[in-house]
Amino acid sequence: MDDRQFRTAMGKFATGVTVIVTDVEGDVHGMTANAFMSVSLSPKLVVISIGENARILEKIKQSNTFSVNILAAHQQELSMIFAGQIKEPREVAFDRLDGKPVLAGAVAQIACEVSAEHVEGDHTLFIGKVTDIHLEDAEPLIFYSGRYRALAEETAVTI
Ligand code: FAD
């Protein structure tokens, strides 16, 4: 098994797309991430996974807070900005939720405080205790097999 085969296999798991945002004394930094999962309902916990070379890693350790912004279908450009896929710097405005910076128009804004961190291989898992949530009624952006996509029209499913 080589790295490419592993990446290809993981890419077969269709996900939404989030931008993780953190704020160190007014310096707001975002990063596109799809390694996001709900962990626990009581207490309300989520997990994100951040690569060891990502600049946001040290910033989350310093701030001890982050927000997860689940992008809407029309926000692919924001995903590309915060993944470094658009190289030239862009001005992005942030709203606030529970004091944490969040992206306007996201399907869900989830404000978190870091409750634990675990280094696993070349990534760090941050467990976030959810402190507030804001929802919008919009379709999500989808990532599958290395490409951005949108949900297809609903098809009837008989269970
Ligand atoms: P930088 O490279 O420093 O920043 C990323 C970009 O965001 C830069 O272009 C920067 O200019 C811009 N930016 C940051 N803050 C602001 C701001 N305030 N205003 C305007 N622009 C700003 N990596 C992971 O570790 N975990 C994942 O789960 C993950 N999932 C991904 C999913 C997808 C769909 C994609 C496309 C990439 C994913 N990545 C993931 C890779 C990750 O997004 C990139 O490697 C990213 O560039 C690394 O972020 P960084 O903190 O080093 O940020």
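Per-structure values
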quantity	calculated
Residue list for the range 18-61, filter: among the hydrophobic types (A, V, I, L, M, F, W, C) and under 23 Å from Ala104 (Cβ atoms)	Val19, Ile20, Val21, Val24, Val28, Met31, Ala33, Phe36, Val46, Ile48, Ile56, Ile60
Failed criterion for Leu151 (all others in (1) touching a helix residue (DSSP H, G or I) at 6+ places or on another chain (Cβ under 9 Å); (2) more than 26 Å from Glu25 (Cα to Cα); (3) at pLDDT 95 or above hold)	(3)
Residue, nearest to Asp27 (Cα to Cα), within the range 61-98, restricted to residues that are within 13 Å of the ligand (Cβ to nearest atom) and β-branched (Val, Ile, Thr)	Val92
Residue count, the range 61-96 (criterion: under 18 Å from Ala33 (Cβ atoms) and either among the small types (Gly, Ala, Ser) or part of a strand (DSSP E or B) (or both))	12
Selection status of Ala14, touching a residue at least 12 places away in the same chain (Cβ under 8 Å) and either more than 7 Å from the ligand (Cβ to nearest atom) or crowded, with 19+ Cβ neighbours inside 10 Å (or both)	yes
Total residues in the range 21-60, condition of a type in the set (A, V, I, L, M, F, W, C), more than 8 Å from the ligand (Cβ to nearest atom), assigned to a strand (DSSP E or B) and in contact with a strand residue (DSSP E or B) (Cβ under 8 Å, 6 or more places away or on another chain)	5
Subset of the range 119-144 [of a type in the set (D, E, K, R) and either surrounded by 17 or more Cβ atoms within 10 Å (Cβ to Cβ) or assigned to a strand (DSSP E or B) (or both)]	Glu120, Lys129, Asp132
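Let's see how each residue does on (1) among the polar types (S, T, N, Q); (2) over 16 Å from His74 (Cβ atoms):
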residue: Ile86; (1), (2): no, no
residue: Glu113; (1), (2): no, yes
residue: His118; (1), (2): no, yes
residue: Gly121; (1), (2): no, yes
residue: Phe126; (1), (2): no, yes
residue: Val130; (1), (2): no, yes
residue: Glu139; (1), (2): no, no
residue: Ser145; (1), (2): yes, yes
residue: Arg149; (1), (2): no, no
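The values are calculated or read from the model by the stated rules, or taken from the named source; none is laboratory data. Owing to the predicted nature of the structure, the values given are computational and were not obtained by experimental measurement. Reconstructed Cβ throughout: ideal geometry from the backbone, glycine too, with neighbour counts over all protein chains shown.
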